[in-house]
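Trainee: If you scroll down you'll find the structure; I have some questions about it.
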Amino acid sequence: MQQRLNAPRQPAMDAALLRDRIAQLQEEHHSLDTLIDKLSGIDDLELRRLKKRKLKVKDTILLLQLQLDSDAH
């Protein structure tokens, strides 16, 4: 019975953790965007690495948002 009482709370906690992680990744994405703008034309290898990281972060944000949306339903 105790487990049944706690069950509805778990998705809400998971949703809060997902929202926190999404916010962290959005901040990292913005920081990478700013850094890429500053480095533009300076170091092509580093620029490519940062752009790949930025795309990976964006993909992760989208996946977490999809997970958050599916948990809401």
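The values are calculated or read from the model by the stated rules, or taken from the named source; none is laboratory data. All figures in this text were calculated on a predicted structure; none of them were measured in a lab. Counting neighbours? That spans all protein chains shown, and the Cβs are built from the backbone with ideal geometry, glycine included.
Trainee: Mind telling me which of the residues Leu63, Leu55, Leu25 ends up being touching a helix residue (DSSP H, G or I) at 6+ places or on another chain (Cβ under 6 Å) and modelled with pLDDT of 95 or more?
Mentor: Details: Leu63 fails: touching a helix residue (DSSP H, G or I) at 6+ places or on another chain (Cβ under 6 Å); Leu55 fails: touching a helix residue (DSSP H, G or I) at 6+ places or on another chain (Cβ under 6 Å).
Of Leu63, Leu55, Leu25, the one residue that is touching a helix residue (DSSP H, G or I) at 6+ places or on another chain (Cβ under 6 Å) and modelled with pLDDT of 95 or more is Leu25.
Trainee: Where residues in segment 29-71 are within 25 Å of Asp14 (Cα to Cα) and among the hydrophobic types (A, V, I, L, M, F, W, C), which of them is nearest to the chain's Cα centre (by Cα)?
Mentor: Ile61
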